[in-house]
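Visitor: Can you read through this structure? Questions will come right after.
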Amino acid sequence: MSEEKLYMVKNDEGSYIAVTNGWLVHWHENSGDLFSSYQEASKWATTLDGHVVTLIEEPEKVVLTKEQAKIIDDANGFYLPASHISRNSDEDEELLMNAYVNGYTVAKEKKYNVKVPHTKDVWYYKESEAYLQTICPAGDKKLRGKFTEAEIKHYGLQDCEKEEVTDDDK
């Protein structure tokens with residue numbers, strides 16, 4: 001994140017100034033000119049009975065797992081959220097504190113096609129939560145099952161060949 005700041009001049013009605021070639025054009029309700037110098041913005045604010053507003057960059061959101069996001073969501077209900085995060089974060093405390101302060105997004109879970117062992121082109125797909133089926137899609141990847149790591153473990157497919165599904169495969 002850049003340390004450079006930008007400034008605008010705002011009046012008490014919430015409008016911003018627009019300046020062209022060193023002259024005030026008029027006050028705009030939703031937009032105005034940016035100043036890279038606080039002194040320049042302050043000069044206009046003093047002259048036009050406005051005030052200087054400092055613009056800051058929005059911090060980048062932290063990418064979390066679903067489990068980490070749950071810790072942050074749960075922390076919002078505590079009187080001392082930092083204490084809750086500290087108790088539940090193991091080695092990720094700094095990351096989670098940053099997510100609590102700056103916001104977060106949840107990482108998209110990777111998915112895989114899983115190949116049936118000792119076959120040429122046979123792949124698994126889920127019939128239901130309890131049953132797996134196989135399919136020989138003749139190259140059509142859309143028909144193959146898409147499994148998360150947790151599902152691969154659930155179905156006992158850890159030793160099978162797997163192929164990551166990309167956005168192109170969907």
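Visitor: Mind checking the per residue accessible area of the chain for me, 1.4 Å probe, whole number of Å²? Don't jump to the answer; show the numbers that get you there.
Guide: Details: 11970 Å² over 170 residues.
I get 70 Å² per residue for this part.
Visitor: Still on this structure, I have one more. May I ask which residue of A69, T148, A107 lies farthest towards the positive end of the charge dipole of the chain, with charges of +1 (Lys, Arg) and -1 (Asp, Glu) on Cβ and the Cα centre as origin?
Guide: Value: T148.
Visitor: Residues with beta-carbon under 12 Å from that of M8, excluding M8: net charge, scoring Lys, Arg +1 and Asp, Glu -1?
Guide: 0
Visitor: Still on this structure, please answer the following. Let me check I've understood the local charge: for W27, count other residues with C-beta under 12 angstrom from its C-beta, Lys and Arg +1, Asp and Glu -1. What total comes out?
Guide: On the way: positive: K10; negative: D12, E13, E29, D33, D49.
That works out to -4.
Visitor: Taking all protein chains in place and a 1.4 Å probe, what share, in percent, of the accessible surface of the chain do carbon and sulfur account for? Before the final figure, lay out each step's value.
Guide: Numbers: 5860 of 11970 Å².
The value for the chain is 49 percent carbon and sulfur by accessible area.
Visitor: To continue, here is another question. Ordering W27, W44 from largest to smallest accessible area (1.4 angstrom probe), what's the sequence?
Guide: Values: W27 75, W44 35 Å².
Descending order: W27, W44.
Visitor: What are the principal axis extents of the Cα atoms in the stretch 22-119, in Å, biggest first?
Guide: Dimensions of the stretch 22-119 along the principal axes of its Cα atoms: 78, 44, 22 Å.
Visitor: What 222 nm value per residue comes from the helices of the chain, counting each DSSP H run with n ≥ 4 as -39,500 (n - 2.57) and dividing by all residues, nearest 500 deg cm²/dmol?
Guide: Details: 5 runs with 45 residues, N = 170.
Computed mean residue ellipticity for the chain: -7500 deg cm²/dmol.
Visitor: What whole-number distance in Å separates the alpha-carbon centres of the stretch 1-61 and the stretch 113-170?
Guide: With the stretch 1-61 and the stretch 113-170 each reduced to a Cα centre, they are spaced 56 Å.
Visitor: Under 5 Å between amide H atoms, partner at least 5 residues away or on a different chain: which partners does L6 have, H built in plane at 1.01 Å?
Guide: L55
Visitor: How do 95-103, 123-131 rank on mean C-beta neighbours within 10 Å, highest first?
Guide: Final packing ranking: 95-103, 123-131.
Visitor: With 27 Å as the cut-off, how large is the P(r) tail for the chain, expressed as percent of Cα-Cα pairs?
Guide: Of all Cα-Cα pairs in the chain, 60 percent lie more than 27 Å apart.
Visitor: If you don't mind, another one. Just check the stretch 110-164 against the gyration tensor rule for me: Cα atoms, a ≥ b ≥ c as the square roots of the eigenvalues, rounded for a/c under 1.5, and otherwise prolate or oblate depending on whether a/b exceeds b/c.
Guide: Since a/c stays below 1.5, the shape of the stretch 110-164 is classed as rounded.
Visitor: Do any trypsin sites (Lys or Arg not before Pro) in the stretch 44-109 lie in a loop, going by DSSP, with at most 14 other beta-carbon atoms within 10 Å of their beta carbon, and if so which?
Guide: K61, K108
Visitor: Pairs of Cα atoms under 8 Å, at least six residues apart: use those to get the relative contact order of the stretch 1-109, whole percent.
Guide: The value is 25 percent.
The values are calculated or read from the model by the stated rules, or taken from the named source; none is laboratory data. What you are looking at is a predicted structure, and each value in this text was computed from that prediction instead of being measured. In this analysis, Cβ positions are derived from the backbone assuming ideal geometry, glycine residues included, and neighbour counts consider all displayed protein chains. Quick note on the areas: whole protein, heavy atoms, side chains included, nothing else; ligands and nucleic acids left out. Shrake-Rupley method; radii C 1.70, N 1.55, O 1.52, S 1.80 Å.
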